[in-house]
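J.: Encoded as structure tokens, here's the structure I'll be asking about.
The values are calculated or read from the model by the stated rules, or taken from the named source; none is laboratory data. A quick note: this is a predicted structure, and the numbers were derived from the prediction, not measured. Positions of Cβ are backbone-derived with ideal geometry, glycine not excepted, and every protein chain shown enters the neighbour counts. When the accessible area is computed, the model is the full protein with side chains, heavy atoms only, and any ligands, DNA or RNA have been set aside. Shrake-Rupley method; radii C 1.70, N 1.55, O 1.52, S 1.80 Å.
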Amino acid sequence: MGGSVQYVTMNVSGEPATVDLRPLSARSVILSLLLGTHPPELPVKDLVRAVEPFGIGGSTLRAALSRMVAAGDLRRAGGVHGLSDRLLERQRRQDAAVHPQTRHWDGLWEMAVVTATGRGPAERAELRAGLAALRLAELREGVWLR
């Protein structure tokens with residue numbers, strides 16, 4: 001197995017593909033930007049520069065910032081806007097999902113075998129959700145592993 005790699009491209013035309021996407025709202029761009037920024041606060045001048053590639057002008061940005069402060073999504077201190085406490089919690093959950101705490105695997109497997117008799121649909125759904133919350137995955141009907 002000497003190892004050459006061959007790339008095959010199919011159905012390629014000479015023109016770039018066009019995708020019909022809705023433009024992002026100013027609110028969506030601002031929240032995405034601040035949720036990914038640590039610490040989650042930026043001066044207005046930096047926000048203006050950051051949203052320009054999305055086609056959002058300065059006046060649109062300022063109007064969105066005012067509405068978001070009034071709605072409790074953002075807090076403003078001087079010329080700096082930051083996430084509200086509610087959205088700070090969302091950022092913490094987002095960061096935890098991106099960088100989950102793990103531990104070294106000792107090589108052992110856990111298995112749960114569940115019989116289907118005697119449980120109603122709601123109870124079965126609750127059991128499945130509980131097993132998934134314990135980070136078990138269903139290998140096949142009634143056999144869960146971790």
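J.: Among the residues of segment 117-141, which ones are farther than 30 Å from Leu35 by Cβ and open to solvent by 70 Å² or more (accessible area, probe 1.4 Å)?
T.: Of everything in segment 117-141, those that are farther than 30 Å from Leu35 by Cβ and open to solvent by 70 Å² or more (accessible area, probe 1.4 Å) turn out to be Thr117, Gly118, Arg119, Pro121, Ala122, Glu123, Arg124, Glu126, Arg128, Leu139, Arg140, Glu141.
J.: Let me ask something else about it. Of all residues in segment 97-146, how many are in contact with a strand residue (DSSP E or B) (Cβ under 7 Å, 6 or more places away or on another chain) and not in a loop (DSSP other than H, G, I, E, B)?
T.: Residues that pass the stated criteria total 10.
J.: Can you name the residue in segment 44-86 that is in contact with a strand residue (DSSP E or B) (Cβ under 8 Å, 6 or more places away or on another chain) and assigned to a helix (DSSP H, G or I) and is also surrounded by the most Cβ atoms within 10 Å (Cβ to Cβ) among such residues?
T.: So, considering only residues that are in contact with a strand residue (DSSP E or B) (Cβ under 8 Å, 6 or more places away or on another chain) and assigned to a helix (DSSP H, G or I), the one surrounded by the most Cβ atoms within 10 Å (Cβ to Cβ) is Leu47.
J.: Within segment 19-43, count every residue that is under 18 Å from Asp85 (Cα atoms) and open to solvent by 70 Å² or more (accessible area, probe 1.4 Å).
T.: 5
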